[in-house]
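Below: one structure, written as structure tokens.
No lab work stands behind these numbers, since they all come straight from the coordinates. All figures in this text were calculated on a predicted structure; none of them were measured in a lab. Cβ sites come from the backbone with ideal geometry, for glycine too, and all protein chains shown count toward neighbours.
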Amino acid sequence: MALELKLYDTMTRTVQPLWAEDGEHFRFYCCGPTAHGPAHIGNFRAFLVQDVLRRTLEIVGLKPMHVRNLTDVDDKTIRGSRSEGKNLRGFTRQWIEQFHRDAEALNMLAPHREPRATDHIDQQIGLAGQLIENDLAYVARDGSVYFKVSAYPEYGKLSRLGEREISTQETTSAGRRNEADEYDRESISDFALWKSRKPEDGDNFWDSPWGQGRPGWHLECSAMSRHYLGDGIDLHAGGIDLCFPHHENEIAQCEGATGKRFARHWFHNAHLQVEGQKMSKSLGNLYTLADLTEKGYSPMEVRYALISGHYRQPMNFTLASLQSSRSALKRLEKAIEAHLDGSGMSKEEFKALAAPPFPTEWGLFEEAWRGLANDLNVSRALGGIFTGLARMAKANPGAVAPENDLKALAGIFYALGIELYHSGGETPAIVPEELQCLARERWQAKQDKDWAKADLLRKRLLAGGWQVRDRKDGYDLIPNST
Ligand SMILES: [Zn+2]
């Protein structure tokens, strides 16, 4: 029986089955991080929900082609690089590397392509030029290029905002993205495709047919999505805060240039609050992964907490929810261990079951699968895991658990990206930053096949009290005493 995955589509406001238009790959694009500082848990909620989608697509056999961009030029990155006295590339590189480390720790699968905005300036200039040719954009006196919203009647179809609402939203701080000094715009709703060079841009400008400058932020996603995935894609994802104006602008840019539908499906996750409050710098609740691991929580506990609510519901993230995640993971580990013992299967063998070919029948974990397949309802899936395990214990007290049930269970964990036996203890040990640094260097040495260096670093880590255990796609640091 073929598996089906249904998901809520923001454009039609209905739940729709997903399918690949070209019959080969499910092509989907996610708006990625801006490389100006560490990503916070609000950013990671979106990326983790997308990761669960990607994994579930793999299970239903839709062969995802996943593209997520890196914004490495905008007001924030330029300001950051100039205040640190670094060039833009060097400044953004450190935050891209940090993002990759966090993403790996959170067990996020790397996208198939991860393009940077500054590597695709030509594509962005080409797109802006096409829009000028199609009479949907104009060049202002200072050489900036603007999209003319009034020339594109379909503008606002995703967020379903009327003309008046669009101009009001545009003038609020949430709707605008540092687009001050744009007095050459014909209308307040028009948005920049290309920004002419300003003194505060420093060395960060490129040549274009309209003079020196840099692309407007909205343009990169349209240009790179087209470049890597073609004109019409299967799905576009992002946090709900990006729906307007960013995604609305992406649609206008792509459809205005090509005359073809940009994305067949729009996938948005609701926002995140922390301890019942909006996340903000002033409240000090813009938690990064490092903030939470310093408090003693493991990345897997953070992942569990961030995916466990329904993606369409706003989530209230609390430190207490991390405690609950810890105990839920421990309960799962304990329950599964009992079945593994009964079946003579090791934890590694169980983990290895979470690989293709994925099950098409879910047995005791049918309810868990249905949760995922029906609009990625992770809380229903998690409930289904616990009831499935309870039924398994009842059906096979102390006896062998059927391998197909264990395989189904491992498949659900794969979709959720939950790796067991990774959560923190009661008093978790924290790897000191300098040793984490050595471990990363060692991993890099291994990738470079510099075995002598890798071995030396392994010994230094051991002397510091930590053993390295390599996995296929990474490593774990384990306290030497255990
Ligand atoms: Zn985007």
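Couple of notes before you dig in:
- When you filter the GluC sites (Glu not before Pro) in the stretch 66-166 for DSSP loop state and at most 15 other Cβ atoms inside 10 Å of their Cβ, you are left with Glu84, Glu154.
- Between the residues Ile96, Tyr146, Met392, the greatest Cα displacement towards the positive end of the dipole of the chain, with unit charges on the Cβ of Lys, Arg, Asp and Glu, is found for Met392.
- Measuring against 31 Å, Cα to Cα, the residue pairs Lys330/Lys407; Lys278/Lys446; Lys351/Lys459; Lys63/Lys281; Lys6/Lys446; Lys198/Lys281 contain Lys278/Lys446; Lys63/Lys281; Lys6/Lys446 as the ones spanning a longer distance.
- Between Val60 and any residue 5 or more places off or on another chain, the built amide H atoms are never under 5 Å apart.
- For Gln273, distant residues with modelled amide H under 5 Å away: Met315, Asn316, Phe317
- Using θ = phi - 60° in the Karplus curve 6.51 cos²θ - 1.76 cosθ + 1.60, the 3J(HN,Hα) couplings for the stretch 24-33 round to 10, 10, 8, 8, 9, 10, 10, 5, x, x Hz; x is entered for Gly and Pro.
- Backbone HN-Hα couplings from phi across the stretch 89-96 [Karplus 6.51/-1.76/1.60, Hz, Gly and Pro as x]: 4, x, 5, 6, 4, 4, 7, 5
- Long-range HN-HN contacts of Tyr287 with modeled amide H, under 5 Å: Ile41
- Short-range pairs are left out: with C-alpha atoms under 8 Å and at least six residues apart, the relative contact order of the stretch 291-355 is 24 percent.
- Charge dipole (debye, nearest 20) of the stretch 273-416; +1 at Cβ of Lys and Arg, -1 at Cβ of Asp and Glu: 420 debye
- Three-way shape call for the stretch 433-479 based on the alpha-carbon gyration tensor, with the a/c threshold at 1.5: oblate
- Charge dipole (debye, nearest 20) of the chain; +1 at Cβ of Lys and Arg, -1 at Cβ of Asp and Glu: 1000 debye
- Along the stretch 373-381 the Karplus relation, 6.51 cos²θ - 1.76 cosθ + 1.60 evaluated at θ = phi - 60°, assigns HN-Hα couplings of 5, 9, 6, 6, 8, 5, 5, 5, 5 Hz to successive residues, with x for each Gly and Pro.
- For the stretch 433-479, the relative contact order works out to 29 percent when only alpha carbon pairs closer than 8 Å and six or more residues apart are counted.
- In percent, rounded to a whole number, the relative contact order of the chain is 16, using alpha-carbon pairs under 8 Å and six or more apart.
- Helix-only CD estimate at 222 nm, as mean residue ellipticity for the chain, using -39500 (n - 2.57) per DSSP H run (n ≥ 4): -13500 deg cm²/dmol
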